[in-house]
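Peer 1: Please see the structure below; I have some questions.
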Amino acid sequence: MTTTVSEKTADAIASFMQDVIVQYNSYVGGYRRSEPRESVAIPISITPLDHSFGPAGEPFPSVTRDLSCGGIGFFHSHPIEATFLQLLVEMPDSNRAMSLLARVEHCTPCGGYYIIGCRFVGEADEVQC
């Protein structure tokens, strides 16, 4: 078994992956972000909220896709119906955590999953979730 990849195969892989990246990042609208985002995968806990900001379902775990000072993106296996979410974000290797209130901006199908993009609107404790 060989452990090297031929240059032709490496080029084909790179070309295919570029096409995949373009397909999944092909947003044709204007750039709306006011803060740069960082691709980072951390576990979070999410609770859907009703219009009175009370729990509208059980908390469920997810993994972030990206983060910025103004919002968060994460993956989920089902579409998100709620307008607002409570997000529990914990800092790795630390006792620091914050419960955040976020408004769902989009829920985009991606294969068998969904990419959910949210904008932070405050600390969830302020609305007493």
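The values are calculated or read from the model by the stated rules, or taken from the named source; none is laboratory data. Keep in mind it's a predicted model, so treat the numbers as computed, not measured. All Cβ positions, even for glycine, are placed from backbone atoms using ideal geometry, and neighbour counts span all protein chains on display. Accessible surface is based on the protein model in full, side chains and every heavy atom, while ligands, DNA and RNA are left aside. Shrake-Rupley method; radii C 1.70, N 1.55, O 1.52, S 1.80 Å.
Peer 1: Tally up the residues in the range 74-129 that are modelled with pLDDT of 90 or more and small (G, A, S), please.
Peer 2: Adding up the residues that qualify gives 5.
Peer 1: List the number of the failed condition for V121; all other conditions in (1) assigned to a strand (DSSP E or B); (2) β-branched (V, I, T); (3) within 12 Å of I46 (Cβ to Cβ) hold.
Peer 2: Only one criterion is unmet by V121, namely (3).
Peer 1: Any idea which of S94, S99 is touching a helix residue (DSSP H, G or I) at 6+ places or on another chain (Cβ under 9 Å) and among the hydroxyl-bearing types (S, T, Y)?
Peer 2: Working: S94 fails: touching a helix residue (DSSP H, G or I) at 6+ places or on another chain (Cβ under 9 Å).
None of the other options fit; the residue is S99.
Peer 1: While we're looking at this one, here's another question. Within the range 36-79, restricting attention to residues that are β-branched (V, I, T) and not in a strand (DSSP E or B), which residue is nearest to L100 (Cα to Cα)? Steps first, answer last, please.
Peer 2: Filtering the range 36-79 for residues β-branched (V, I, T) gives 40, 42, 44, 46-47, 63-64, 72.
In the following step, the residues that additionally are not in a strand (DSSP E or B) were identified as 40, 42.
Values: V40: 18, I42: 15 Å.
Among those that are β-branched (V, I, T) and not in a strand (DSSP E or B), it is I42.
Peer 1: For the range 71-93, which residues satisfy the criterion of being aliphatic (A, V, I, L, M) and open to solvent by 80 Å² or more (accessible area, probe 1.4 Å)? Full working, then the answer.
Peer 2: The initial filter retains those residues of the range 71-93 that are aliphatic (A, V, I, L, M), namely 72, 80, 82, 85, 87-89, 91.
Residue satisfying the conditions is M91 alone.
Peer 1: Continuing with the same structure: So, S68, is that one loosely packed, with under 15 Cβ neighbours inside 10 Å and touching a residue at least 24 places away in the same chain (Cβ under 8 Å) or not?
Peer 2: Numbers: loosely packed, with under 15 Cβ neighbours inside 10 Å: no; touching a residue at least 24 places away in the same chain (Cβ under 8 Å): yes.
Considered against the rule, which asks whether it is loosely packed, with under 15 Cβ neighbours inside 10 Å and touching a residue at least 24 places away in the same chain (Cβ under 8 Å), S68 comes out as no.
Peer 1: To continue, here is another question. Within the range 106-116, can you find the residues that are part of a strand (DSSP E or B) and more than 11 Å from the chain's Cα centre (by Cα)?
Peer 2: Let us first name the residues in the range 106-116 that are part of a strand (DSSP E or B), namely 106-110, 113-116.
Selection gives P109, C110, Y113.
Peer 1: Considering the range 80-94 alone, what residues qualify as being assigned to a strand (DSSP E or B) and either touching a Ser or Thr at 6+ places or on another chain (Cβ under 9 Å) or charged (D, E, K, R) (or both)?
Peer 2: Narrowing the range 80-94 to residues assigned to a strand (DSSP E or B): 84-90.
L85, Q86, L87, L88, V89, E90 - these are the residues of the range 80-94 that are assigned to a strand (DSSP E or B) and either touching a Ser or Thr at 6+ places or on another chain (Cβ under 9 Å) or charged (D, E, K, R) (or both).
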